[in-house]
Amino acid sequence: MDRGYIALITTIIISLTLLMIISEQSFAGWQARFNVLNTEAKAASRALASGCVDQVLMGLIIDRSYTDTSTTTFSNGLCVIYPVNQTNPNMIEIKVQAQVNEAYTNLMVKTNHLFTPLSWQELPL
């Protein structure tokens, strides 16, 4: 009778241990999936912010006094263009924010009067 009881308890302990290992691995895979999605959203928000900077540069090329502040909604996110800072005649400062899902990219681009980028920085939120 003792042998059957020991075998039953051993089987239960091994089963629970295996179940915990399988559950942990499943959860790790689930977390990895969301990490990949967040990485893709961040890459998309960087690309969107870069496109918004290009939009401002195009506006400045067309009209040197361009200072449009706008929020544009796209199918995958939204872009906020802040007022263009042209207080220094040799430098133009452009700030934009792009959001895709919950990933944000804040860019500040400084360019000269020939629209050659002098610096391209991602700022914290």
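Within segment 92-125, the set of residues being polar (S, T, N, Q) and in contact with a strand residue (DSSP E or B) (Cβ under 7 Å, 6 or more places away or on another chain) comprises GLN97, GLN99, THR105, ASN106, THR111, ASN112, SER119, GLN121.
Exactly one residue among PHE27, PHE34 is aromatic (Phe, Trp, Tyr), surrounded by 10 or more Cβ atoms within 10 Å (Cβ to Cβ) and within 30 Å of THR105 (Cα to Cα), and that residue is PHE27.
Restricting ASN35, ASN101, ASN106, ASN88 to residues that are of a type outside the set (A, V, I, L, M, F, W, C) and more than 12 Å from the chain's Cα centre (by Cα) narrows the list to ASN88.
Could you check, for segment 60-68, whether at least one of its residues is within 31 Å of the chain's Cα centre (by Cα) and under 23 Å from GLU102 (Cβ atoms)? Looking for residues that are within 31 Å of the chain's Cα centre (by Cα) and under 23 Å from GLU102 (Cβ atoms), one finds none in segment 60-68, hence no. There is no residue in segment 79-89 that is aromatic (Phe, Trp, Tyr), closer than 11 Å to CYS52 by Cβ and touching a helix residue (DSSP H, G or I) at 6+ places or on another chain (Cβ under 8 Å).
Residue count for segment 113-125 under the criterion of being assigned to a loop (DSSP other than H, G, I, E, B) and farther than 20 Å from ASP68 by Cβ: the result is 4.
What do you reckon, is LEU16 in a helix (DSSP H, G or I), modelled with pLDDT of 85 or more, in contact with a strand residue (DSSP E or B) (Cβ under 8 Å, 6 or more places away or on another chain) and of a type in the set (A, V, I, L, M, F, W, C)? The answer is no for LEU16. Answer yes if at least one residue in segment 1-11 is at negative phi, among the acidic types (Asp, Glu) and either touching a Pro at 6+ places or on another chain (Cβ under 8 Å) or loosely packed, with under 10 Cβ neighbours inside 10 Å (or both), and no otherwise. Yes: one or more hits. Looking across segment 67-125 at every residue that is surrounded by 12 or more Cβ atoms within 10 Å (Cβ to Cβ) and in contact with a Lys or Arg (Cβ under 6 Å, 6 or more places away or on another chain), the one that is nearest to PHE34 (Cα to Cα) is identified as ALA103. Cβ-Cβ contacts under 8 Å between residues 6 or more apart (or on different chains), taken from a first residue in segment 14-42 that is under 25 Å from ALA98 (Cα atoms) to a second residue that is charged (D, E, K, R) and modelled with pLDDT under 90, are listed as ASN38/GLU102; ALA41/GLU102.
Answer yes or no: is there a residue in segment 46-57 that is closer than 26 Å to HIS113 by Cβ, surrounded by 10 or more Cβ atoms within 10 Å (Cβ to Cβ), touching a strand residue (DSSP E or B) at 6+ places or on another chain (Cβ under 8 Å) and acidic (Asp, Glu). Scanning segment 46-57, I find no residue that is closer than 26 Å to HIS113 by Cβ, surrounded by 10 or more Cβ atoms within 10 Å (Cβ to Cβ), touching a strand residue (DSSP E or B) at 6+ places or on another chain (Cβ under 8 Å) and acidic (Asp, Glu), so the answer is no.
The values are calculated or read from the model by the stated rules, or taken from the named source; none is laboratory data. Quick caveat: nothing in here was measured; it's all calculated off a predicted structure. Using ideal geometry, Cβ is built from the backbone for each residue, glycine included, and neighbour counts are taken over all protein chains shown.
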